[in-house]
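The values are calculated or read from the model by the stated rules, or taken from the named source; none is laboratory data. Since the model is a prediction, treat every value here as computed from it, not as a measurement. In this analysis, Cβ positions are derived from the backbone assuming ideal geometry, glycine residues included, and neighbour counts consider all displayed protein chains.
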Amino acid sequence: MKRYLLYAIVAAGLYVWYGHPRGPQAGSYGRHPDAVIMYSLTTCGYCKAKARQLHAEGIVFTEYYIDRDKVRREELNTKLSKAGFPPRRYGTPILDVHGYMLPNNPSMDVIKQYLKR
């Protein structure tokens with residue numbers, strides 16, 4: 001019986017951490033009005049494709065390679081933590097759009113939605 005109770009508590013905790021719907025400010029660590037940053041890996045094909053998409057849409061951004069720059073990698077992990085995402089558990093590219101963290105290769109529709117905020 002105690003084992004099932006423990007499983008229920010762990011499952012509820014995981015639901016709250018990963019599955020609970022986030023509020024309107026979720027993913028935000030603070031607003032930066034003119035900043036769009038893409039955190040990439042030098043070997044990531046998705047990152048290269050996203051950079052081409054951003055250029056094609058005329059979106060100005062700064063790209064940092066987190067596999068080459070330890071300072072930027074730590075900056076990314078700090079931003080993810082402040083925004084409520086677990087650090088070091090993400091897929092690239094990760095975008096920071098006006099202070100909103102968008103991990104795991106967000107679609108262009110999502111990026112454009114956050115650009116309008």
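So M38 clears everything in (1) loosely packed, with under 14 Cβ neighbours inside 10 Å; (2) modelled with pLDDT of 95 or more except one condition, right? Which one?
(1)
Among the residues that make up the range 45-52, is at least one of them modelled with pLDDT of 95 or more and crowded, with 18+ Cβ neighbours inside 10 Å?
Within the range 45-52, the first condition is being modelled with pLDDT of 95 or more, and the residues that meet it are 45-52.
In the following step, the residues that additionally are crowded, with 18+ Cβ neighbours inside 10 Å were identified as 47, 50.
There is at least one residue in the range 45-52 that is modelled with pLDDT of 95 or more and crowded, with 18+ Cβ neighbours inside 10 Å.
Go through (1) touching a residue at least 24 places away in the same chain (Cβ under 8 Å); (2) farther than 19 Å from C44 by Cα; (3) among the aliphatic types (A, V, I, L, M) one by one and return the number of the condition L76 breaks.
The one condition L76 does not meet is (2).
Here's a check for you: in the range 58-99, which residue that is over 14 Å from the mean Cα position of the chain (by Cα) and in a loop (DSSP other than H, G, I, E, B) is surrounded by the fewest Cβ atoms within 10 Å (Cβ to Cβ)?
Applying the filter and picking the extreme gives G58.
Quick test for you: out of Q53, Q113, pick the one residue that is touching a helix residue (DSSP H, G or I) at 6+ places or on another chain (Cβ under 8 Å), assigned to a helix (DSSP H, G or I) and either without any contact (Cβ under 8 Å) to a residue 60 or more places away in the chain or not charged (D, E, K, R) (or both).
Q53
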